[in-house]
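The values are calculated or read from the model by the stated rules, or taken from the named source; none is laboratory data. On a predicted model such as this, the values are computed, not experimentally measured, just so you know. Because the Cβ atoms are built from the backbone with ideal geometry, glycine has one as well, and the counts that use them run over all protein chains shown. Ligands, DNA and RNA are stripped out before the accessible areas are found, and what is left, the full protein with its side chains, is counted by its heavy atoms. Shrake-Rupley method; radii C 1.70, N 1.55, O 1.52, S 1.80 Å.
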Amino acid sequence: MNLDLHNFFVITDKSGKKVEAPKEKPVEERKIDPNYKGVDLPAFEEFVDGLGSWKESLKPAWNDKSFQELYNFLKTEYKVRPIYPPPEQIFNAFKLTPINKVKVVILGQDPYHQPGQAMGMSFSVPYGKSIPSSLRNIYASIATDPQIHNFVRPRHGNLTRWAQQGVFLLNTILTVEDSRPDSHRKSGWDKFTDYVINVINKECDNVVFMLWGSHAQKKAKGINENKHFVLKTSHPSGLSNDKGFSTDYHFSKCNDYFTKKGMEPIDWNLDGPANTENPNETSMPIEDENFGSSPKRD
């Protein structure tokens, strides 16, 4: 059969006679393991309470019909298949960094998609889990920054201490299905996190936005650079770490900005006071070969 380019959606045979378009195959339904013991999401009000200090500022977002639809989607998904992070950790970044304490925003994409990795904060993994390659590169950038002294590369990937100092570790998509990166991309999270960024832009002052890769830069393209400090470079993944991230030294630039503004700099060490006796320590666990593949980061 030939495609009639004058009538793009009209299909003809060799003689020019119109023929019926082939019927699309029905979308194959996802299989559900009947033995899977699902997880119950809390009631809607309790779910929204997880936003903590952000709840009031984000009311227009969670009060929107699209967020209710997102909640209903998640309620079903958590019940029938493994979804990460656990429900009580979905809003971890919001709980650990109150809206009035936000000093830095680091945007990620979607959570890690293997069991026990995602903990509700971009780039962060719980204690005891192998350090993802992107986070290893983040640590390396801090350790080699000529303006940062006494940083000790952690033997873990838990970034809670950053969050408690005002580093808001926001993924643009907050949930993911097991072993299926980007699986919740169209669930409604994008609209919600767009609003989150808009709220930070309007309600907060002197926030440093670290935008790594084109995804983060497009996501936060409307930031008011007259009241905030925007840093842009490549993503710290192995595919693009050497395209700017490793030598752009965002972490010292961030602290220089705070110093000029009379604000307390971030202590990038994750294990309390720096080990001044051995500042060059680089010992870290070997990354688990089963950590799970991720979509291409740019």
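Key figures for this structure:
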| read-out | value |
| --- | --- |
| Members of segment 100-109 found to be open to solvent by 20 Å² or more (accessible area, probe 1.4 Å) and more than 13 Å from residue 162 (Cα to Cα), listed by number | 100, 109 |
| Any hit, segment 277-298, residues being part of a loop (DSSP other than H, G, I, E, B) and modelled with pLDDT of 85 or more | no |
| Options 232, 227; residue that is at pLDDT 95 or above and part of a loop (DSSP other than H, G, I, E, B) | 227 |
| Pairs, first in contact (Cβ under 8 Å) with a residue 12 or more places away in the chain and under 20 Å from residue 184 (Cα atoms) in segment 48-72, second open to solvent by 60 Å² or more (accessible area, probe 1.4 Å) and of a type in the set (Phe, Trp, Tyr), C-beta under 8 Å, six or more apart | 61/195 |
| Condition broken by residue 189, with the remaining ones in (1) touching a helix residue (DSSP H, G or I) at 6+ places or on another chain (Cβ under 6 Å); (2) surrounded by 15 or more Cβ atoms within 10 Å (Cβ to Cβ); (3) under 23 Å from residue 65 (Cα atoms) satisfied | (1) |
| First in segment 86-98 and of a type in the set (A, V, I, L, M), second anywhere and assigned to a loop (DSSP other than H, G, I, E, B) and buried (at least 21 other Cβ atoms within 10 Å of the Cβ), Cβ under 7 Å, 6 or more apart | 90/120; 90/174; 90/175; 93/120; 93/121 |
| Pick from segment 235-276, criterion modelled with pLDDT of 95 or more and basic (Lys, Arg), ranking: nearest to residue 132 (Cα to Cα) | 253 |
| Extreme residue, nearest to residue 121 (Cα to Cα), among residues of segment 131-149 that are among the small types (Gly, Ala, Ser) and either open to solvent by 10 Å² or more (accessible area, probe 1.4 Å) or at pLDDT below 95 (or both) | 134 |
| Residue within segment 155-165 that is part of a helix (DSSP H, G or I), open to solvent by 20 Å² or more (accessible area, probe 1.4 Å), over 20 Å from residue 245 (Cβ atoms) and among the β-branched types (Val, Ile, Thr) present | yes |
| Residues within segment 110-130 that are of a type in the set (Lys, Arg) and open to solvent by less than 40 Å² (accessible area, probe 1.4 Å), tallied | 0 |
| Meets criteria (at pLDDT 95 or above, out of contact with any His (no Cβ under 9 Å at 6 or more places or on another chain) and either over 19 Å from residue 47 (Cα atoms) or open to solvent by 10 Å² or more (accessible area, probe 1.4 Å) (or both)) for residue 88 | yes |
| Residue check, residue 221 part of a loop (DSSP other than H, G, I, E, B), open to solvent by 10 Å² or more (accessible area, probe 1.4 Å) and farther than 15 Å from residue 134 by Cα | yes |
